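Below is one structure, written out as structure tokens, with a few remarks after it.
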Amino acid sequence: MSSMLYWQQMSWGMVSLNFLPFGLLLVLIAVLPFISFTAGWWEKMGNKFLTAALCAGSGVFLYLHPTGDVSKIFQTYLDYLSFMVLMGAFFTASGGIHISGAFAGLPYINTLFLGFGGILASLLGTTGASMVLIRPLLRANQLRRHKSHVVVFFIFIVSNCGGILMPLGNPPLFLGFLRGVPFLWTFRLITEWSLTILILLFIFHLIDDKIFDGEETHIRGSLIQAIQEAEQPIHIEGWSNVFYLLAIMLIALGSSYWLNPWLDAHWAAQAETASKLFQIILMSLLAYLSYKTTAPNIHEENQFSFGPMVEVGVLFFGIFGAMIPSLAILEAKGPTIALTHPWQFFWASGILSSFLDNAPTYLSYAVLAAGQNGINPNHLGDLAARFPNLLAAISCGASFMGANTYIGNGPNFMVRAIAEQARVKMPSFGGYMLWSGAVLIPVFTLITFIFF
């Protein structure tokens, strides 16, 4: 029996078993830090790695035992390594950029800052923009007593919703570009992007203004005084790291435009692996050079350490392994799912992207939409040309709804870790979902009625 046929014919009882490692890991991440007798145990990185490794090992076993497909495991963890190197390179380079000056956490400044971040997310990518901007935003709000909501909306806008205008903005869109979607096609999503960002900024400003009015008088006065006494407007140190950020982006873009076609022509069987290894080596080198050439005082001012990166690496090691059988089932049973309308694709891709990696989720539903309409799944440019509303719905669902949970998109967990390192008390996994349920779900429902 072929691997695909095995997953297609699997009973629903076995489906539940194969989803168990991934679901269990999510529950443990959400619950263990907030139970009094497990919180201390969970704080130790070794215990997090043990938990992640057990769940990853279970996922690998459940996939490998019936299929024997070792190459899938290899490719999954090569993807993990690529993901971590990309995140690490952005994290290291952005940690060498220090933004200071007349910038303090007043509501209108916070709103403008998040709006700027929403624009930058499509240019630098959600990861790059998040890593560059989260530290100055935290410094600007360090005098405020209540600021976790600022980070939550930062994740909503900068780490997710802002990145849909360019293929480099979000990993799912980059996968579409690699499969033939024109580079500038995503710019047609500017109406969806504009309305979503404007609504979120409006809601944020109302909430932040209300919370700011409740702050002590001396805090409000200190923020205003900080702006008045600033020696200069906005000052940026570490310009060499801006070059490193641009170089990281160029490597990703150059690989898709020039390296991948050349490898496909000359080394087809191993082209994808060779391309990923090339990117891993070059991005690792850039991260190393960035760290070594950055002045120590910049790292000190940014309170830079690799602690958040290590935590993300440990937990996503578990997530990547645990989700292998889950993704295999979704790929095999996807064609049996009755999806025909754009709004159905929007919510189906969005809900899965809230908990699974949004890149393969995007690809799964784009392939499904292509297959339903007689289009070669390797030529998604035809889907973009003939059924733009379907691809737009999948693109927005996968990109927007990664904001629904901390694990929906790579930068989410990273931003949370950096904020907690800066002593911001962030919501729990479930607490964050209360925020996303109250704010994002009504916005996405409105987007559905207007566009899909």
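What follows is calculated from the coordinates using simple rules that are stated; it is not laboratory data. The structure presented is a predicted model; accordingly, all values stated were derived computationally and were not measured. FYI the Cβ positions are ideal-geometry reconstructions off the backbone, even for glycines, and counts take in every protein chain you see.
Some observations on this one:
- Relative counts (whole %) of C-alpha pair distances in segment 251-320, using bins that are 5 Å wide: 3, 13, 15, 15, 17, 15, 12, 7, 3, 1
- 0 to 90° range, to nearest 10: angle between helix 388-400 axis and the chain longest Cα axis: 50
- Over the chain, DSSP H runs of length four or greater, each weighted -39,500 (n - 2.57), average out per residue to a 222 nm ellipticity of -24000 deg cm²/dmol.
- Rounded to the nearest whole angstrom, the semi-axes of the ellipsoid equivalent to segment 108-160, taken from the Cα gyration tensor as √(5λ), stand at 18, 10, 10, largest first.
- Taking other Cβ atoms within 10 Å as a rough exposure proxy, E192, E43 sort from fewest to most as E43, E192.
- Pairwise centroid distance, computed over Cα atoms, of segment 153-215 with segment 404-452, Å: 13
- With respect to the chain, whose longest principal axis is taken over its alpha-carbon atoms, helix 324-333 is tilted by about 60°.
- Across every direction, the projection of the convex hull enclosing the Cα atoms of segment 34-76 has a mean area of 3.9 nm².
- Cα long-axis angle, helix 148-157 against the chain (0 to 90 degrees, to the nearest 10): 50
- For segment 343-452, the calculated P(r), taken from all Cα-Cα distances in 5 Å bins from zero up to the bin holding the longest distance, is 2, 13, 20, 20, 17, 12, 8, 5, 3, 1, 0 percent.
- Summary of packing: across the peptides 308-314, 57-63, the per-residue average of other C-beta atoms within 10 Å ranks them, highest first, as 57-63, 308-314.
- In terms of its Cα atoms, the chain spans 71, 50, 44 Å along the principal axes, sorted from long to short.
- Under the Debye formula (equal points on every Cα, no solvent term), log10 I(q)/I(0) of segment 29-180 at q = 0.18 Å⁻¹: -1.17
- log₁₀ of I(q)/I(0) at q = 0.17, 0.28 Å⁻¹ - segment 395-434, Debye sum with one point per alpha carbon: -0.45, -0.96
- Normalised contact order of the chain, rounded percent, pairs of Cα under 8 Å and 6 or more residues apart: 26
- Neighbours of F452, meaning other residues whose beta-carbon lies under 15 angstrom from its beta-carbon, give a summed charge of 0 when Lys and Arg score +1 and Asp and Glu score -1.
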